[in-house]
Structures are given as C-alpha cells and as structure tokens.
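Taking it in order: structure first as structure tokens, then the write-up.
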Amino acid sequence: MRSTPLTLLLSAFLCATGCSDGGGGGGGETGGAGTTGGTGGATGGTGGATGGTSGVTSGTSGVTSGTGGATGGTGGGDATGTSGTGGNDGPAVRTPAASASTLREAGEKANPPILIGAAISGSGLNDNGYKSVAAAEHNYVTAENEMKWNALEPNPGSFSWGSADNIVNWAVQNGMQIKGHTLVWHNQLPGWASSLSGATQVEQAIRRHIENVMGHFKDRVHTWDVVNEAVITDSDTGVGNPRMRPSVFFNALGERFLDLAFQIAREQDPTAKLYYNDYSIDARNEKADFVYEMVRGMVERGVPIDGVGFQMHIGPPNNEAGGADVAANLRRFADLGLEVLISEMDINRCSNQVTAEEQLTYYHDIVEACFLMPECVGITFWGINDGRSWLNSWSGALCNGQSSQSLLFNDQYQKKETYNRVMDALLGR
Ligand code: G3I
C-alpha cells in the first residue's frame, strides 16, 4: 500500500527530523531514528536535505527481526526536502562500524546490522581451515546442497536429515543464523518428484515436503528460500522472452504454485522470513522486470512473502551488473515493502570475461549497494575458497576445470584482494 499525497504532507510535517520506531524512516538532515525494526510506520519521512536515498526504508532493522513496513518509500531524491515518501520505520541509511577485523564483525557492528553469509558444504566442514574461516568471517549459513529436495526427501515421505543437520548444528554452535535452501525448486529434485503429475499429486507433495522440512528445522532455521528460480529467459543472462519456467510444479498448478508454497510455509511458521530467490535479476533486465511484476502481484494478493534474494552470480553463465544498477533494482523491490538480500554472490573470472580489475570494482560496488540500504538484510557469498566453487566444474561457466577465482579466499584460506574490497564497502570506504 503506498502513501497517499495527503499522508505524505502530514508525514513530512510529523517526521521532519526523522521518526523513531513506528514512524517513517525520515530522510531529513538527522536521518531516521528508528533502531529496532518492527511494525512499519503509518507515516512517511521527509525528503532529505541532502537528497539521495532518504525516506525510503522499510522496518527491517534488527536484520531479521523487524516485520517490515507495508509501504515502501520512493526515495527522497531531491534537495528540496519535499519528496521523501517512505512509510516505514527504521533508519534511512545504514551506518558502518568504525573498524572491524572480520567481515562478520563489520556486519554485526553496523547499524542496523547486516548478515554476512556463506554457502557451506558438508565436505568443507571436514577441513579445519575451511571451518575456522567460515565461522570467523560469517554469521549466516546456506547449505550449498544439503537442504535441497533430493537430499532431504530422496523417497516419497521418507526424509534424510543427517547431512543437513550437521551443517545446521555447526552453524548454531557458532552463533550463526541459517537460511533454508530451498523448499520448491525445479532442480535437484529426486526422480520420483520430477515425475509427479496432476494438480492433486503435486500439491500434496509440495505440502508434505514443506511441512516436514520446516517442521524438522523449526527451532534452528528462521529464514527460507521458499521458491527458487521460477522464471526463465532464453539466455542465462536474463535476456529474451521472460516467462514462468516449465517445471513439475508450474506444469501441474500454473503460477498458483508460488502462492501455495508461500502459504503452506507461513502456516508452518508464522514468524519465519520467507523469500523468493533467483539469478540474473541483479540489475534491471527483462528477467528482473518480470520477477518484479510477479512479486508485486504476490504482494498485492496478500501472499506471505517477506523478501527477494538476488543471487548475484556475476559473470558467465549469468549476468553482469554494476553497483548503481544493482542499487536501483534492489530499491524498487524494497519499495514494495520487502526485504532484499544478496543471496549467492560470486564473480567468475574464467575466460577473462570479467577482468581482475572489474572483479574488484564489482565486489566493492555491489556490496556497497546492499550495505547502504537498511532493507538489504544480508550478503551471502557462494562458497568460501576458490577451489571449491561450483563454477570450476560447471561447463557454462567456461572454466574448463580451472579455478574460477571467484571468491574471497584462496585455497590456503588467505584473504584475497576481493576480501579487502568487500571489507572496504562494509566499513563505508
Ligand atoms: O553428490 C554427487 C556425487 O555423489 C556425484 O559423484 C557427483 C558427480 O557429478 O555429483 C554430486 O552432485 C553434485 C552436487 O553439486 C554436489 O557436489 C551435482 O552433480 C552438481 O550438479 C551439484 O551442483 C550444485 C548446483 O547447485 C546444482 O544445480 C552446486 O554444487 C551448487 O553450488 C549449485 O547451487 C545453485 C543454488 O542452489 C541455486 N542457485 C544457483 C547455484 C549455482 O548453480
């Protein structure tokens, strides 16, 4: 629900110097003062004297605990102090830590905090070097493969929790949050699920899977990729004929499978954060526009979606996206009242399609784009060290078995320059 012009006038009057909890994220000179996240204010903030991104926040401070305001602002944007239209609480900008010795510390000390995540593999946890870097530098975990449908429900109604429990328990022991990845995805399905047909069969399978998986992890996992990659284009870069992806789910239920999955997930956990997640939607392109309209429709229908994950696999086979373009794209999704996340970031250097210099610029500018938005609640990197990256063995990534050099640590777990550029962005440098 967007603010009416009358509301804007009133809110500009009420929140001229920034609102505290429940009020709009004021974009005035003092910025918004909301600090605890929570319940989305009824009134918007004012446009900032300095222009820019004022008056735009939803109530997401506290990273995952706020409920988010229902109405997003459309940005302060001008120097007249008249155009900020945010209808939410929380600060309008994120303030960096003064200093930090790890990414995790930089994320935890920022105000509001931002989650720093990594995709973790079960095999990685057998390696002490991997484990210690993963826990020191991150406070958010996504299982790279171990919570996918084929891993958790290899046979109908028969669940296998061991590998996923190992990762989840390790994360909990290290004070990390977990994102369940992923409940409904066309890929990495067991054969029996891929060959289901008919609306009743497919709906029952979705329900059984979500109920059992969310039920099993309920005390430990509070954020979920409910639906992954439901949209396809002719090119993996997000260009050409965007459409709903044919899948066992879409073929049986049509677009309704999206609503259904989120509704079942909400029934299972009334307070979990429920996300849609996709690749090559990082900057504005045809796929991102399509997903935007799809998600906007869900919000308007009252489907319980809390946010969107932008995978941020930069370079072949996926898209490239500069920091300013990412910022503009994330902003419009946040203005729907949603959280946004960078959910699977890596930057592929294979075939030199992205040069070393470009990689550093992308890492800095894209992380900065998220960091500057309080609605951007986390940044997850898709792995820890280069040698274990999925890109090395994915033919479309053009690596031919060579290292994709795509991450923040080398195989001796030393920090690369990419790490330094990410740290710079998290510290406001
Ligand atoms: O576990 C088997 C092993 O038993 C077998 O010997 C081996 C032979 O190929 O395959 C192993 O499975 C592989 C699995 O990773 C675990 O290593 C699969 O072949 C391989 O396809 C699978 O790749 C994963 C890919 O998703 C599948 O789509 C990548 O590790 C994983 O990083 C990647 O992650 C996805 C996200 O979930 C969604 N977004 C895109 C992202 C990158 O593709």
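Which one of these does HIS216 not meet: (1) within 26 Å of GLY378 (Cα to Cα); (2) within 15 Å of the ligand (Cβ to nearest atom)?
Unmet condition: (2).
Looking at VAL295, VAL227, VAL299, which one is within 16 Å of the ligand (Cβ to nearest atom) and either of a type in the set (A, V, I, L, M) or modelled with pLDDT under 95 (or both)?
After ruling out the rest, the residue left standing is VAL227.
Exactly one condition in (1) within 14 Å of the chain's Cα centre (by Cα); (2) open to solvent by less than 10 Å² (accessible area, probe 1.4 Å) is false for ILE314; which is it?
Exception for ILE314: condition (1).
Every residue in the stretch 348-392 that is of a type in the set (D, E, K, R) and closer than 16 Å to PHE409 by Cβ, please.
Within the stretch 348-392, ARG349, ASP386, ARG388 meet the criteria.
Filter the stretch 389-417 for residues that are open to solvent by 100 Å² or more (accessible area, probe 1.4 Å), assigned to a loop (DSSP other than H, G, I, E, B) and either within 15 Å of the ligand (Cβ to nearest atom) or farther than 19 Å from ASP127 by Cα (or both) and give the result.
Selection gives TRP394, ASN400, GLN402.
Between a residue in the stretch 281-300 that is under 17 Å from GLU344 (Cβ atoms) and any residue that is part of a helix (DSSP H, G or I) and among the basic types (Lys, Arg), which pairs come within a Cβ distance under 8 Å, given they are 6 or more apart or on different chains?
ILE281/LYS287
In this structure, does VAL227 turn out to be open to solvent by 60 Å² or more (accessible area, probe 1.4 Å) and among the hydrophobic types (A, V, I, L, M, F, W, C)?
Judged against the criteria, VAL227 is not a match.
What helices (runs of 4 or more DSSP H) lie completely within the stretch 105-198 and have 1 or more residues being within 16 Å of the ligand (Cβ to nearest atom), within 30 Å of ALA425 (Cβ to Cβ) and among the small types (Gly, Ala, Ser)?
128-137
Going by the structure shown, is ALA205 within 16 Å of the ligand (Cβ to nearest atom), touching a residue at least 12 places away in the same chain (Cβ under 8 Å) and either open to solvent by less than 30 Å² (accessible area, probe 1.4 Å) or not in a helix (DSSP H, G or I) (or both)?
Against the criterion (within 16 Å of the ligand (Cβ to nearest atom), touching a residue at least 12 places away in the same chain (Cβ under 8 Å) and either open to solvent by less than 30 Å² (accessible area, probe 1.4 Å) or not in a helix (DSSP H, G or I) (or both)), ALA205 does not qualify.
Matching residues to (1) over 20 Å from the mean Cα position of the chain (by Cα); (2) over 18 Å from GLY215 (Cα atoms):
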{"residue": "LEU115", "(1), (2)": "no, yes"}
{"residue": "SER121", "(1), (2)": "no, yes"}
{"residue": "TYR130", "(1), (2)": "yes, yes"}
{"residue": "THR142", "(1), (2)": "no, no"}
{"residue": "ASN145", "(1), (2)": "no, yes"}
{"residue": "ASN150", "(1), (2)": "yes, no"}
{"residue": "GLU153", "(1), (2)": "yes, no"}
{"residue": "TRP170", "(1), (2)": "yes, yes"}
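What number of residues in the stretch 340-388 are within 13 Å of the chain's Cα centre (by Cα), more than 12 Å from MET312 (Cα to Cα) and within 16 Å of the ligand (Cβ to nearest atom)?
1
The values are calculated or read from the model by the stated rules, or taken from the named source; none is laboratory data. Worth saying up front: this structure is predicted, and the values here are computed from it rather than measured. Cβ atoms come from the backbone with ideal geometry, glycine included; neighbour counts cover every protein chain shown. SASA here: full protein model, heavy atoms, side chains in, ligands and nucleic acids out. Shrake-Rupley method; radii C 1.70, N 1.55, O 1.52, S 1.80 Å.
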